[in-house]
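Undergrad: One structure is given below, represented as structure tokens, and several questions about it will come after.
The values are calculated or read from the model by the stated rules, or taken from the named source; none is laboratory data. The structure presented is a predicted model; accordingly, all values stated were derived computationally and were not measured. Backbone-built Cβ (ideal geometry, glycine too); neighbour counts: all protein chains shown. Only protein heavy atoms, including side chains, enter the accessible area calculation; ligands, DNA and RNA are left aside. Shrake-Rupley method; radii C 1.70, N 1.55, O 1.52, S 1.80 Å.
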Amino acid sequence: MMLLLQAIDTAHQVVDTLSKTGQTIAAPQQELRIGDLLVKGGWVMIPIGILAVLGLVIFFERYFTIRKAAKDESNLMSQVRSSILTGKLDSAIAICKNSNSPLGRMLAKGLLRIGRPIKDIEGAIENIGKLEVSKLEKNIAILGIVAGIAPMFGFLGTIIGVIKIFFDISTTDNYSLSTISGGLYVKMITSAAGLVVGLIAYVLYNILNIMVDKVILKLETDAIEFIDLLEEPGK
């Protein structure tokens, strides 16, 4: 009976000890804050932040430019058709120039070539079309570069941090797990930030390319309609 009472008393003591230990361990829990983590990422976070800002600036600038070029030009085509059918070429040219759009500049170049063979007119329109597309694609490639090098900067920051951790261990002989894990999680922040910036830049890069492809398809369709319009009187 005495042994049983001693065992129960010992069990109570163990439970009390574990409870106190659990409370002691749970007490120093810290809350992770995004701002503090970004600051702890070190100097590598500066180029990653610059790349993020550069990517956003390029995206919004190109987005509104491409969106403006993709506006509906059905009214322009109908006015040009009406002017051509009535023999008012000067009026059609003026309408195209006043539109201040990629399609208007293409049609104006074609109208200025009327009287020459259709192949010459097609070639002139195609050349202007290439110039207009190159204007729309301006700086989009930079967004692709941001998507590629942002993760590299992140990995670079992590590698530099790991090298520093092991250098400190070699000089201080401090092999404690808290020292290693505490320094390592901070250095992993740069990798996470680089991957996030790279992923967002990659998505935005493809969005712009899809928008440009739609504009190209629309310009080609309208150019074909214009050539067909020029050939109608000869049929």
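Undergrad: What is the calculated FRET efficiency for Leu89 to Val133, with r their C-beta to C-beta distance and R₀ = 22 Å, to the nearest 0.05?
TA: 0.25
Undergrad: Probe radius 1.4 Å, ligands and nucleic acids ignored: give me the carbon and sulfur share of the accessible area of segment 191-235 as a rounded percent. Walk me through the numbers on the way to the answer.
TA: Details: 1760 of 2580 Å².
Solvent-exposed carbon and sulfur of segment 191-235 make up 68 percent of the total.
Undergrad: Between Asn75 and Thr221, what is the spin-label point distance in nm, taking each point 7 Å from the Cα along the Cα→C-beta axis?
TA: 1.9 nm
Undergrad: Rank these by accessible area, largest first, 1.4 Å probe: Asp228, Asp90. If you can, show how the numbers build up before the last one.
TA: On the way: Asp228 70, Asp90 130 Å².
So, going from the largest accessible area down, we get Asp90, Asp228.
Undergrad: Could you compute how fast segment 57-176 diffuses translationally, taking Rh as the Kirkwood radius over C-alpha pairs and applying Stokes-Einstein at 25 °C with viscosity 0.890 mPa s? Give it in µm² per second.
TA: Approximately 131 µm²/s, per Stokes-Einstein.
Undergrad: Moving on. Taking the simple approach of a point 7 Å from Cα along Cα-to-Cβ for both Ile163 and Ile118, what is their distance in nm?
TA: 6.6 nm
Undergrad: Report Thr171's accessible area, 1.4 Å probe, all protein chains in place, as a number in Å² to the nearest 10.
TA: In the full protein context, Thr171 sits at about 80 Å².
Undergrad: Determine the gain in length on full extension of the stretch Lys214-Ala141; use 0.36 nm per residue of separation and subtract their C-alpha separation, reporting nm with one decimal.
TA: 24.5 nm
Undergrad: Also, quick follow-up: I'd like the FRET efficiency for Val57 and Phe155, computed as 1/(1 + (r/R0)^6) with the beta carbon distance as r and R0 of 22 Å, rounded to 0.05.
TA: 0.35
Undergrad: Can you flag which of Lys71/Lys130; Lys119/Lys214; Lys88/Lys130; Lys135/Lys218; Lys71/Lys119 are past 22 Å Cα-Cα?
TA: Details: Lys71/Lys130 18 Å; Lys119/Lys214 25 Å; Lys88/Lys130 27 Å; Lys135/Lys218 16 Å; Lys71/Lys119 28 Å.
Flagged as over cut-off: Lys119/Lys214; Lys88/Lys130; Lys71/Lys119.
Undergrad: Let me ask something else. Which whole-Hz couplings ³J(HN,Hα) result when phi for each residue of segment 92-106 is put into the Karplus expression 6.51 cos²θ - 1.76 cosθ + 1.60, θ = phi - 60°, listed in order with x for Gly and Pro?
TA: 5, 5, 5, 4, 5, 5, 6, 5, 6, 9, x, 5, x, 5, 5
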